[in-house]
Each structure stands twice: as structure tokens, then as C-alpha cells.
There are 2 protein chains.
Amino acid sequence: MDERVRRHAETLVDWSARIEAGDDVIVSLDEGTHDLGVAVARLLGERGANPVFVRQSDELTRAYLQGHEAFDGEFTADPAHELALCESADAYLSIRGGHNTTAMADVPGEIRQAHAKATKAIRQARLATDWVATIHPTRSLAQQAGMAFEEYRDFVYDAILRDWESLAEEMARMKEILDDGDEVRIVREGTDLTMSVAGRTAVNSAASVAYDSHNLPSGEVFTAPVEDSVEGEVHFDVPMTINDTRVRDVRLTFEDGEVVDFTAEAGETVLADLLDTDAGARRLGELGIGMNRGIDRFTDNILFDEKMGETVHLALGRAYDACLPEGESGNDSAIHTDMITDMSGDSRLEVDGEVVQRNGTFRWEDGFEG
Amino acid sequence: MDERVRRHAETLVDWSARIEAGDDVIVSLDEGTHDLGVAVARLLGERGANPVFVRQSDELTRAYLQGHEAFDGEFTADPAHELALCESADAYLSIRGGHNTTAMADVPGEIRQAHAKATKAIRQARLATDWVATIHPTRSLAQQAGMAFEEYRDFVYDAILRDWESLAEEMARMKEILDDGDEVRIVREGTDLTMSVAGRTAVNSAASVAYDSHNLPSGEVFTAPVEDSVEGEVHFDVPMTINDTRVRDVRLTFEDGEVVDFTAEAGETVLADLLDTDAGARRLGELGIGMNRGIDRFTDNILFDEKMGETVHLALGRAYDACLPEGESGNDSAIHTDMITDMSGDSRLEVDGEVVQRNGTFRWEDGFEG
């Protein structure tokens with residue numbers, strides 16, 4: 001077994017999920033994730049935890065959902081056995097992989113949504129545990145990234161096997177600047193955008209439940225802009241896939257927090273539909289600053305892309321509660337769609353008029369030019 | 001997909017487990033069983049049932065158990081999440097396969113036993129559901145059977161894709177004879193054994209929970225001999241594997257129900273250890289009559305071997321409650337080890353002096369010679 005698989009398991013179990021003796025753990029294993037599953041199983045044994053291994057597979061889900069179409073009836077609301085399993089669990093380790101990222105392509109959206117709606121309490125029970133989502137490299141994910149398998153594997157472990165403690169300390173600086181600051185400004189070619197983050201709390205997303213961070217890899221600091229404060233123009237130069245469609249070079253113009261103009265070099269119709277979802281879909285729910293320099297390229301997988309060092313991302317739609325003052329509801333929407341801008345070139349990120357990052361280099365780093 | 005996989009799924013879901021709309025079902029999928037899993041998933045959708053797919057894997061279990069050896073503590077007694085899952089389920093479909101039947105070879109027996117002991121309530125909760133155990137053919141199981149993969153696949157589907165309704169009717173005749181009868185006598189070269197089944201109830205094991213039968217394939221009628229009634233000699237000419245050791249040509253002599261003499265051409269030490277397990281290990285717990293003519297050879301897998309048409313088997317050790325009068329406890333033991341005799345040659349099976357089967361042919365079949 002690749003030694004990195006064992007280290008991945010250690011990072012997942014110890015750093016990310018903070019598993020302790022006696023913890024009841026659900027390990028959800030996708031197709032093609034057996035090796036990481038074995039390493040995690042061994043470690044859960046060593047920690048004295050209690051695993052249940054659940055099989056996740058888009059092909060099983062597709063077969064079930066398509067079968068259910070032929071059944072004359074509704075989905076059962078939150079089946080008792082699955083709900084009981086999740087409600088009794090302390091942690092949920094979701095290990096994604098799979099052999100075909102488009103295995104669900106012929107399942108109608110309405111069926112998926114009806115099933116998702118019927119199983120909301122199960123999803124909430126999972127999210128109430130110390131859950132962590134990660135991936136095990138498969139050929140299918142390498143293909144999605146446009147990479148050779150071995151190359152992709154190196155990419156994945158470079159992103160995951162970080163010194164998380166030290167990255168968490170660095171990200172704490174960025175969090176402090178955002179928490180203390182008011183106006184954030186992002187400037188580069190085609191982009192000059194300002195927004196207020198006054199009163200909002202940034203999350204130091206350090207790939208650990210101890211930081212309210214549930215992705216491995218992570219490595220971003222994110223907050224929620226004040227809804228009506230966003231002004232100016234932004235160009236997202238990183239391509240992405242929205243609803244199975246390639247979208248490229250999105251440009252948005254904001255006035256009073258709302259998108260008033262938009263273009264895209266590719267996928268403009270999908271973008272238009274997205275903005276029309278609901279009122280909140282035209283406003284920002286998230287400003288994120290990617291700080292994981294182990295991620296050095298875009299792979300069309302948001303788990304990685306949005307954490308890339310020397311990028312910022314903005315999400316149209318729903319804001320995260322963790323960023324909002326207690327009891328206050330931020331921007332609300334059925335969508336939360338991240339779009340990414342590369343800041344490694346000629347650019348600057350300012351907070352209250354002071355440059356925090358220039359051309360991708362932070363103020364506390366060697367080579368920074370104020 | 002092989003059309004037989006779809007028919008196997010139908011037999012499992014409809015005939016064996018009797019799944020209905022709204023049933024909460026656990027589907028336990030071994031390595032290498034994906035195709036049958038997909039067919040079962042589709043069918044559970046069509047029936048309006050609610051599946052949770054659980055991953056069974058000897059390699060995951062091995063890693064967990066070996067990891068736990070390094071943990072300084074006991075196994076948690078019946079972890080809450082797994083217990084809740086099983087207690088809330090209506091049915092449990094166990095689909096075995098795997099890539100290596102000896103994947104657990106280096107896990108010490110004490111560890112396995114300690115874990116089994118700690119999870120007794122979970123096992124009982126599973127057995128309280130409408131559970132069914134079946135297999136999906138894998139190359140590993142073909143190897144265990146000494147067969148080519150395609151050849152093994154044909155063998156498996158011949159055994160599983162029976163006309164179960166008609167076999168159940170035929171087996172009902174055998175059950176009636178045993179239920180009404182007193183003395184059973186088995187005669188062939190090296191074998192002349194008599195036992196009483198008076199007051200005992202035979203099970204028509206027709207591969208369906210509706211018949212208290214939980215194996216697919218099944219196809220046997222079994223009962224529990226009266227403990228001290230067994231007299232005579234028996235030769236088991238079908239080889240078997242006991243505790244990873246090949247055992248061949250076992251001969252047992254019974255007096256007053258107890259084994260008083262034994263030999264084996266191979267594995268005699270294992271046999272001796274087995275008989276020494278406890279007092280009940282020297283007495284019979286089961287007489288079974290194999291009636292599945294779809295099974296035409298021995299494959300070193302008891303799920304198949306004991307159901308083979310034109311065989312009888314006897315089990316040393318524990319008797320099944322279903323065969324005993326309400327509240328009466330039959331032979332008790334930590335073991336239940338089946339041994340098989342081929343009746344296709346010169347042989348007869350008698351009940352109260354009347355020949356029920358001669359040379360493998362039952363009294364109600366063409367070619368029977370009374």
C-alpha cells in the first residue's frame with residue numbers, strides 16, 4: 001500500500017474527525033476506495049472506535065431511483081433504519097471516489113430532488129455528527145481533472161498531506177484581518193469589486209471539525225459579505241462545471257449587492273438560469289480566500305479548486321450560518337455556487353484600504369510588496 | 001448484465017425475503033458483488049422499499065480487528081449506531097462474494113471470538129429480521145470450488161434459479177413423512193444408522209422467510225433427532241473443510257446417541273478436537289435431507305453442499321429451535337458442524353421400516369423401486 005494512503009487515513013481520523021475511543025463512526029465508501037477504507041479501518045481499530053462501513057455508489061443510487069420511478073408511490077420519508085444509524089453516530093467519514101463521475105446522468109432531476117426532499121432529516125442527522133468529506137484518487141476523478149492517474153494521485157496527496165497545524169496558524173491571521181475589517185476590495189484585470197464584511201465572522205477552514213471545517217483537503221478562510229454592500233465588477237477566469245455544463249469567463253456587475261449585468265464566454269444560458277433561481281441567487285453568500293498552496297492547478301472539483309492558494313472565490317446564493325451573528329439570517333437561496341478568480345498574477349486584495357495580498361503573496365510572506 | 005443476475009435478484013427480493021412497499025432493508029454487499037447489488041437496488045426501488053447498503057469485506061474486518069489488537073481496551077459492547085440500524089430494519093439481505101476466502105487467515109481466533117461476543121445483540125437483531133443469505137459468484141469462490149469462473153457461475157445459477165414453489169411442494173411430502181414418523185434409518189456401504197425423530201418438527205427449507213428458511217439456495221428438509229436415540233455407524237464420504245483443515249472420510253459410531261468411536265482418512269485431529277468441544281459436540285443436532293437437484297457437485301461451501309439432491313447430512317452439536325417442541329431445548333453445543341453422505345449410489349432411507357428413498361430416488365418419483 002502507498003504510504004501516503006496510510007498518512008491520509010491518519011490525517012482524516014486524527015486531525016480532521018478527532019476520533020476517540022468509543023466513538024461510533026460511519027465510514028461511507030464509494031466505489032474504488034477500498035485501499036483508503038482498509039487504512040481507515042485499521043486506524044479506527046487502533047483508536048478503539050466502532051466503524052460501520054456503508055456502501056456509497058452512484059450506480060446503486062441510480063438503479064434504486066430508476067426502480068422507484070416504476071413504483072406507484074412516494075419515497076418513504078426518512079426510513080427509520082437509516083435515520084437511527086445516523087442519529088446514533090458520533091462521526092461520519094465520507095470517502096468519495098467512484099468509477100464514473102457521470103453515472104447518474106440519466107436520472108431525472110425531479111426524481112433526485114424528490115428523494116433528497118424525503119430524506120432531509122437523515123441528511124441533517126449526518127451533518128449533526130463530526131462529519132468529514134474526502135476523496136480517494138480514482139481513474140475517474142483523474143479523467144475529470146484531465147490528468148494521468150499517477151499524476152492525479154500526486155496532486156491529491158500534495159493537497160491533503162499538509163502541515164495542517166501550521167496552515168491553521170497562518171489562516172488565523174487572515175481570519176483576524178477579516179473579522180476586524182470592514183471593506184474588502186479585490187482588484188485585478190477586469191475586476192474591481194468592493195464589499196462589506198462588517199459584523200461577520202470568518203471561518204478558519206483548517207480541515208478539522210475542531211475548526212468547524214469538514215472538508216479534507218481544506219485550506220481557505222471564508223466569510224459572508226453584507227448582502228447589499230457588494231459593488232463593482234468581477235471576472236472569474238477559472239472554468240467550472242455548473243449542472244453538467246462547462247461555464248467559462250463569467251463576468252458579473254454588482255449594484256447594491258445585486259447582479260445587474262452578466263456575461264460568460266461559454267455556458268451563459270446556464271448562468272442566466274442560475275441567477276433566476278430565486279432572489280438570493282443574484283447576491284453573494286460567500287467570500288473565500290484560498291490558502292492551500294499544495295493545490296497548484298484546477299481540476300474541475302470544487303473540493304480542491306476553491307482551496308487553491310492564490311485564488312479568491314465568491315459564491316452566489318446561500319450564506320453559511322457560522323459567518324453570521326447569532327440569530328441573524330444572511331443571504332438565503334436554494335443555490336450556493338462558487339466561482340473562482342486566479343490572484344497569482346497582477347492583483348491585490350485590500351481590507352480597509354490596506355493591501356493584504358499582492359500578486360498572490362500575503363503581507364506576512366517573503367517577497368510581499370506593500 | 002447477465003440476465004440471470006436480474007432473476008437472482010428477483011428470487012432474493014420476492015421469493016426469499018418477501019419484500020413489500022415501505023420495508024426498511026439492509027443490503028450487505030461483499031467485495032465483488034456489485035452487479036447483483038445493482039439488480040437488487042433496482043428491484044427494491046420498484047417494490048417501494050428503502051435500502052441501506054452496507055459494506056462487508058473480510059479485508060476491512062481484518063484491518064479493524066488487527067488495529068484493535070494495538071488498542072489498549074475491550075471491544076465496545078454492541079455499538080449504538082449499528083444496533084439501532086439493525087433493530088430498525090425489516091429485512092437483511094446478506095450477499096457474500098469476496099476476492100479471497102482466506103483473507104482473515106492471520107487474525108487470531110481469540111480476537112474474532114472477543115469481537116463476536118461483544119456484538120451478540122447486533123447479531124440477534126439481524127436474525128430477528130427477515131434475513132436471507134446468498135452469494136454472488138466471484139473468482140475466489142470459483143477457486144474454492146475448484147472450478148473455472150464461467151463454469152462456477154453456471155453452477156451457482158442452476159442451484160439458485162429453481163422453481164421454488166414446486167420444490168417447496170415436493171419437500172412438504174418429505175416433511176410430512178418425518179413429522180408423522182418415528183424411526184429414521186440410513187443404510188449404504190459403511191453406514192447403518194437409526195435415530196428417532198418422534199415429537200420433532202421438520203423444517204421445509206424452501207429458500208424463503210415464509211418457510212423459516214433463510215438461505216438462497218436452499219432445498220433441504222431438516223429436523224432434530226432425539227438426542228439419545230442415535231445408534232449405529234455412519235460414513236461421510238463427502239470431503240469438507242473444518243477450521244481451515246481438509247477433513248475426509250469421517251466414520252462415526254454412535255451408542256445411546258453419543259459418538260463412541262471415530263476415524264477420518266484426513267484431518268482426524270481436527271475431528272477429535274471438534275468432538276471434545278463440549279458434551280453436546282458428541283451428539284447429533286440435525287438430520288438434513290438434501291433435495292436441490294440443481295446442485296450436482298460438491299464445492300466446499302456448506303451453503304450449497306448440504307442442499308445437494310440425493311444426499312443426507314448430519315450435524316454434530318446444536319439443534320435448531322424450530323425443530324423442537326415449544327419450550328423444549330434440544331441438543332446444546334457451541335458447535336454445529338454438518339457432514340454429508342452421498343446417497344446417489346446403492347442406498348436407502350427408511351422411515352418406520354418403509355423405504356422413502358432408494359439409490360437417491362424418492363418414493364414419489366419415476367424410477368423408484370420399493
Where in the stretch B:217-296 are there strands (runs of 3 or more DSSP E), lying fully within it, with 1 or more residues that are in contact (Cβ under 8 Å) with a residue 60 or more places away in the chain?
B:220-223, B:231-236, B:240-242, B:250-255, B:284-290
Matching residues, the stretch A:10-59, being charged (D, E, K, R) and free of Cβ contacts under 8 Å to residues at least 40 places away in the same chain
A:E10, A:D14, A:E20, A:R42, A:E46, A:R47, A:R55
Residues (at the interface with chain B (Cβ under 7 Å from one of its Cβ atoms) and of a type in the set (S, T, Y)) located in the stretch A:5-53:
none
If I go through the stretch B:301-360 residue by residue, how many of them are without any contact (Cβ under 8 Å) to a residue 60 or more places away in the chain, out of contact with any His (no Cβ under 6 Å at 6 or more places or on another chain) and not in a strand (DSSP E or B)?
12
For the stretch A:109-124, what are the residues that are over 21 Å from the mean Cα position of the chain (by Cα), of a type outside the set (S, T, N, Q) and either open to solvent by less than 40 Å² (accessible area, probe 1.4 Å) or not assigned by TED's automatic domain parsing to the domain that holds A:T33 (or both)?
A:G109, A:I111, A:A118, A:A121
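Return yes when B:N301 is within 12 Å of the chain's Cα centre (by Cα) and polar (S, T, N, Q) and no when it is not.
Numbers: within 12 Å of the chain's Cα centre (by Cα): yes; polar (S, T, N, Q): yes.
Considered against the rule, which asks whether it is within 12 Å of the chain's Cα centre (by Cα) and polar (S, T, N, Q), B:N301 comes out as yes.
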Suppose we filter the stretch A:87-107 for residues that are more than 8 Å from every other protein chain (Cβ to nearest Cβ) and either open to solvent by less than 20 Å² (accessible area, probe 1.4 Å) or in a helix (DSSP H, G or I) (or both); how many remain?
8
Can you tell me which of (1) under 21 Å from the mean Cα position of the chain (by Cα); (2) aliphatic (A, V, I, L, M); (3) loosely packed, with under 14 Cβ neighbours inside 10 Å is the one A:M240 doesn't meet?
(3)
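Residues checked against (1) in the same structural domain as A:V156 (by TED's automatic domain parsing); (2) within 24 Å of A:T253 (Cβ to Cβ); (3) surrounded by 17 or more Cβ atoms within 10 Å (Cβ to Cβ):
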{"residue": "A:L287", "(1), (2), (3)": "no, yes, yes"}
{"residue": "A:G290", "(1), (2), (3)": "no, yes, yes"}
{"residue": "A:D305", "(1), (2), (3)": "no, yes, yes"}
{"residue": "A:L324", "(1), (2), (3)": "no, no, yes"}
{"residue": "A:G327", "(1), (2), (3)": "no, no, no"}
Can you give me the number of residues within the stretch A:182-212 that are outside any strand (DSSP E or B), touching a residue at least 60 places away in the same chain (Cβ under 8 Å) and out of contact with any Cys (no Cβ under 8 Å at 6 or more places or on another chain)?
10
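Looking at A:G37, A:G67, which one is part of a helix (DSSP H, G or I), crowded, with 24+ Cβ neighbours inside 10 Å and at pLDDT 95 or above? Before you say what the answer is, go through the steps one by one.
On the way: A:G67 fails: crowded, with 24+ Cβ neighbours inside 10 Å.
Selected residue: A:G37, the only one of A:G37, A:G67 that is part of a helix (DSSP H, G or I), crowded, with 24+ Cβ neighbours inside 10 Å and at pLDDT 95 or above.
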Would you pick out the residues in the stretch A:54-86 that are at the interface with chain B (Cβ under 7 Å from one of its Cβ atoms), among the β-branched types (V, I, T) and within 23 Å of the chain's Cα centre (by Cα)?
A:V54
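Hey, can you tell me all the residues within the stretch B:125-146 that are outside any helix (DSSP H, G or I) and buried (at least 19 other Cβ atoms within 10 Å of the Cβ)?
Just the residues of the stretch B:125-146 that are outside any helix (DSSP H, G or I), to begin with: B:128-138, B:146.
Across the stretch B:125-146, the qualifying residues are B:T129, B:D130, B:W131, B:V132, B:T134, B:I135, B:H136, B:P137, B:T138.
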Please go through the stretch B:157-170 and pick out each residue that is in contact (Cβ under 8 Å) with a residue 12 or more places away in the chain, out of contact with any Leu (no Cβ under 8 Å at 6 or more places or on another chain) and either open to solvent by less than 60 Å² (accessible area, probe 1.4 Å) or outside any helix (DSSP H, G or I) (or both).
B:Y157, B:A159, B:L161, B:R162, B:W164, B:L167, B:A168, B:E170
For the list (1) modelled with pLDDT of 95 or more; (2) over 30 Å from A:G353 (Cβ atoms), I need the number of the one condition that A:E176 fails.
(2)
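At positive phi and buried (at least 22 other Cβ atoms within 10 Å of the Cβ): which single residue out of A:G190, A:G219, A:G232 fits that description? Can you show your working first?
Numbers: A:G190 fails: buried (at least 22 other Cβ atoms within 10 Å of the Cβ); A:G232 fails: buried (at least 22 other Cβ atoms within 10 Å of the Cβ).
Only one candidate qualifies: A:G219.
The values are calculated or read from the model by the stated rules, or taken from the named source; none is laboratory data. These figures come from a predicted structure and were not determined experimentally. Here Cβ is always computed from backbone atoms with ideal geometry, including for glycine, and neighbour counts include all displayed protein chains. Only protein heavy atoms, including side chains, enter the accessible area calculation; ligands, DNA and RNA are left aside. Shrake-Rupley method; radii C 1.70, N 1.55, O 1.52, S 1.80 Å.
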